[in-house]
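Structure record follows, encoded as structure tokens.
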Ligand SMILES: NC(=O)c1ccc[n+]([C@@H]2O[C@H](COP(=O)([O-])OP(=O)(O)OC[C@H]3O[C@@H](n4cnc5c(N)ncnc54)[C@H](O)[C@@H]3O)[C@@H](O)[C@H]2O)c1
Ligand SMILES: O=C(O)C(=O)C[C@]1(C(=O)O)C=C[C@@H](O)C=C1
């Protein structure tokens, strides 16, 4: 019987457990999470078969998914390199950044342990096992960062998650971090900045903040995300984020200047260009 160990049974880890279990009841799922409530919930739902310590789950697994925050994933890769893992184990993760993680993972590759970086590009601002879903990843990109020797690992992960109906994307860690910087990290920064700055103004009016426009709610939903998770992501993708923030500031400055100068043609071009870009990525 194939054993899968999932470390971190929050939204993403629990979604993987549900999906793998639904796809194949024969796979034994071992789980670890320091917040016991997550594991106990998944045991009660029969999505996880057994709760273990990190070390014993890792040592008895055929495939290991690291699903904690990015900083925890890095620590656990280092810990895995000290354990007595199965010889042909495949280790993967779901962290939102990849360059740092792939670089820490050399400790595993040096010991001929297969590590394939992973990142399902689906989720929400919610946390914990109760917020996971078996269909969370349907239609979403699932990035894998193989190294040249890791083809068997890629196939093994794809087979295990064949029920997930994801859009597999094999990319380099650098390409990944640049893409998610623009497509995920910057949006979170902007949503949170908007929430902070707009509320300063709104709180000085007599109108209830809950009466804000739908556009405010659409653009700030992700500002409700977990600060611990996002602090770890900012720290891990620091250089790319700083570069992309400069680019963002340049665009914002252009609009500010056009508004100051009452340059209606430029203001129109700004919204028209953005409209065209947004329409090209409409998925649903
Ligand atoms: N939230 C999203 O939309 C999303 C999407 C894709 C990837 N990710 C990435 O997935 C990972 C998990 O995010 P999530 O949304 O499931 O967050 P979550 O908070 O729901 O789950 C993280 C879990 O990790 C556990 N944890 C903390 N320290 C641990 C440790 N030492 N060992 C094992 N578990 C530990 C926490 O108790 C928590 O249950 C993060 O690395 C995140 O960057 C998140
Ligand atoms: O949809 C959301 O609420 C999310 O925040 C999910 C989201 C993102 O879209 O940016 C968050 C972090 C990830 O690494 C991948 C997906």
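Points to keep in mind about this one:
- Angle between the chain longest axis and helix 151-160 axis [Cα atoms, degrees, rounded to 10]: 80
- All-pairs Cα distance distribution in region 51-147, expressed in whole percent, bin size 10 Å: 15, 48, 31, 6
- Among beta bridges from DSSP that stay inside the chain, the antiparallel ones total about 15%.
- Cα-Cα separations in region 1-44 greater than 12 Å, expressed as whole percent: 55
- Average projected area [Cα convex hull, region 3-171], square nanometres: 8.3
- Using alpha-carbon coordinates, inclination of helix 238-260 to the longest axis of the chain, degrees: 20
- Isotropic mean projected area of the C-alpha convex hull, region 175-280 (nm²): 8.5
- The Rg/Rh ratio of the chain, with Rg taken over Cα atoms and Rh as the Kirkwood radius over Cα pairs, comes to 1.03.
- Computed per residue of the chain from DSSP H runs no shorter than four, each worth -39500 (n - 2.57), the mean residue ellipticity at 222 nm is -15000 deg cm²/dmol.
- Alpha carbon convex hull of region 124-183, projected area averaged over orientations, nm²: 5.0
- 0 to 90° range, to nearest 10: angle between helix 264-280 axis and the chain longest Cα axis: 20
- Each part reduced to its alpha carbon centroid, region 1-59 and region 81-136 end up 14 Å apart.
- Order of 243, 260 under a 10 Å beta carbon neighbour criterion, fewest first: 260, 243
Coordinate-derived values only; no laboratory data. Computed from a predicted structure; not experimentally measured. Neighbour counts are summed over all protein chains in view; Cβ atoms, including those assigned to glycine, are modelled from backbone coordinates with ideal geometry.
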